[in-house]
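The values are calculated or read from the model by the stated rules, or taken from the named source; none is laboratory data. A quick note: this is a predicted structure, and the numbers were derived from the prediction, not measured. Methodologically, a virtual Cβ is constructed for each residue, glycine included, from the backbone with ideal geometry; neighbour enumeration extends over all protein chains shown. Ligands, DNA and RNA are excluded from the accessible area calculation, which covers all protein heavy atoms including side chains. Shrake-Rupley method; radii C 1.70, N 1.55, O 1.52, S 1.80 Å.
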Amino acid sequence: METAEFLQALETEGRLLAAAAEEAGTDAKVPTCPEWHVRDLLRHTGAVHRWAASYITEGYTERRPLGDAPDLDGARLVAWYRDSHRHLVDTLAGASPDVECWFFLPAPSPLAFWTRRQAHETAVHRVDAESARGAGITAVTPDFATDGIDELLRGFHARSRSRVRTPEPRVLRVRTDDTGAVWTVRLSSEPPVSTPGASGNAECELSGPAGQLYLALWNRAPLPSVTGDRALAELWRETSGI
């Protein structure tokens, strides 16, 4: 996917998130994040939007702490989230393609990274907001979901922070039924190593439509299909939280 496509996804997902949060109300519990109410979701996601935008506008070259959200609630908090989302979209849309700043996963450029990362950040939290509303979850498009699975496997879980570890080497396969994407995930006492393609034998395979698999791997939905050693699927569920 191109940066312009991620920007459009970010625009759409943020609007859906705000609408779902408004309908649910800030007191509503978030089933996909049981420790949160909608107010926590809005404060977190809005603060992340402003944090991300600050790297582009200020050109920070080192990681900075996430800022605090204002002490707002109800309709004022929803409005603050909408402003935060609008500020991020406008910042990314107006940024120079060669802007230099800090970013934390492999990407062609800082702008490409932040646009992609915030699109997926917002999509996952939009699902949280819709789960709180309780009127159905908007589907994630297959191509966008496939990209998000790749970011999760080859980006987030390649980092030292990943807790998906096994005492002995194990092999997990992840496969999207609709887009034909496949990853081989080699587990060990080190961070997982994920490579595109079906290389060698796998002890467990997680598969399903890309949109469903995307949400499942982010622990927002049940795994669509598990074949082989289910203990590896359980290991993912228990240790893969970001």
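Accessible surface of E100, taken over heavy atoms with a 1.4 Å probe and every protein chain present, rounds to 130 Å². Taking only protein heavy atoms and a 1.4 Å probe, the accessible area of segment 1-96 is 47% carbon and sulfur. Inter-part distance, segment 62-99 to segment 5-34, computed on C-alpha centroids, equals 14 Å. Largest to smallest in accessible area, the residues H85, H44 fall in the order H44, H85 (1.4 Å probe, all protein chains included). In the complete set of protein chains, residue-level accessible area for L42 is approximately 0 Å², probe 1.4 angstrom. The angle separating the long axis of helix 38-58 from the principal Cα axis of greatest extent in the chain is about 80 degrees. Taking the DSSP beta bridges with both ends in the chain, the antiparallel portion is around 75 percent. Surface exposure of segment 1-80, expressed per residue as accessible area with a 1.4 Å probe, stands at 53 Å². For segment 148-193, carbon and sulfur atoms together expose 48% of the accessible surface, with a 1.4 angstrom probe and every protein chain in place. Highest average first, the peptides 110-121, 191-202 ordered by how many other beta carbon atoms sit within 10 Å of their residues are 110-121, 191-202. Placing pseudo-labels 7 Å out from each Cα toward the beta carbon at T195 and S225 gives an inter-label distance of 2.5 nm.
3J(HN,Hα) along segment 110-119, derived from phi through the Karplus expression 6.51 cos²θ - 1.76 cosθ + 1.60 where θ = phi - 60°, amounts to x, 5, 4, 4, 5, 5, 5, 4, 6, 4 Hz, with x in place of Gly and Pro. Between the Cα long axis of helix 74-94 and the first principal axis of the chain there is an angle of about 70°, rounded to the nearest 10.
The listed residues S160, S54 rank as S160, S54 when sorted by accessible area, largest first, using a 1.4 Å probe.
Our estimate of slack between D177 and A79, defined as 0.36 nm per intervening residue step minus the Cα-Cα distance, is 31.4 nm. The accessible area of I137, taken with all protein chains in place and a 1.4 Å probe, comes to roughly 80 Å². P(r) for segment 114-185, from all Cα pairs and a bin width of 5 Å, is 3, 13, 20, 20, 20, 14, 8, 2, 0 %, short bins first. Averaged over its residues, segment 135-242 has an accessible area of 46 Å² per residue, based on protein heavy atoms and a 1.4 Å probe. Please work out the C-alpha center-to-center distance from segment 192-242 to segment 105-166 and express it in whole Å. Taking the Cα centre of each part, segment 192-242 and segment 105-166 sit 15 Å apart.
Taking 0.36 nm per residue of separation and subtracting the current Cα-Cα distance, fully stretching the chain between E23 and S109 would add 27.3 nm.
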